[in-house]
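What follows is a set of notes on a single structure, which appears directly below.
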């Protein structure tokens, strides 16, 4: 699916979140709250719901969304162990469910 698939003004909240998440490259992560803020919203729980319901998990990298305290959180497609492995495969260090060097790997939406 091309990245522009989600680019139109009639997006649902979830689709807007998926569009934003497409900007987060391999080797970077974002948080539920940062993703909500990038969507001009404070609906952090709605971001989590969108991640759980992501119909495009191979294209929209919901595994790159973690808690603001650095904990990886759950993953609908296999749990925390799979999420940790996916992040590690992208070069992100995860120890005991916690992303290491969070500031270094946190994606900055203001630079997109």
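See the values below:
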read-out: Of 74, 23, 96, the one that fluctuates the most in a GNM where the chain has Cα springs shorter than 10 Å; value: 96
read-out: Helical contribution to [θ] at 222 nm, DSSP H n ≥ 4, -39,500 (n - 2.57), averaged over the chain, rounded to 500; value: -9500 deg cm²/dmol
read-out: Max mean-square fluctuation residue, GNM over the chain, Cα-Cα springs under 10 Å, options 29, 58, 92; value: 58
read-out: Mean separation of Cα contacts under 8 Å, 6 or more apart, over the residue count of the chain: relative contact order %; value: 25
read-out: Computed over region 8-55: relative contact order in percent, which uses C-alpha pairs under 8 Å that are six or more apart; value: 36
read-out: FRET efficiency for residue 102 and residue 41, using Cβ-Cβ distance with R0 set to 30 Å, rounded to 0.05; value: 0.85
read-out: Residue-span extension gain [residue 10 to residue 111] - 0.36 nm each, minus C-alpha spacing; value: 33.9 nm
read-out: Folded to 0 to 90 degrees: helix 79-89 orientation relative to the chain principal axis, Cα; value: 90
read-out: Convex hull per residue volume in Å³, alpha carbons only, for region 22-112; value: 89
read-out: For the chain, built as a Gaussian network whose Cα springs stay under 10 Å, the top-fluctuating residue of 50, 34, 81; value: 81
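Quick note: the coordinates plus some simple rules give every number you see, no bench work behind them. Worth saying up front: this structure is predicted, and the values here are computed from it rather than measured. In this analysis, Cβ positions are derived from the backbone assuming ideal geometry, glycine residues included, and neighbour counts consider all displayed protein chains.
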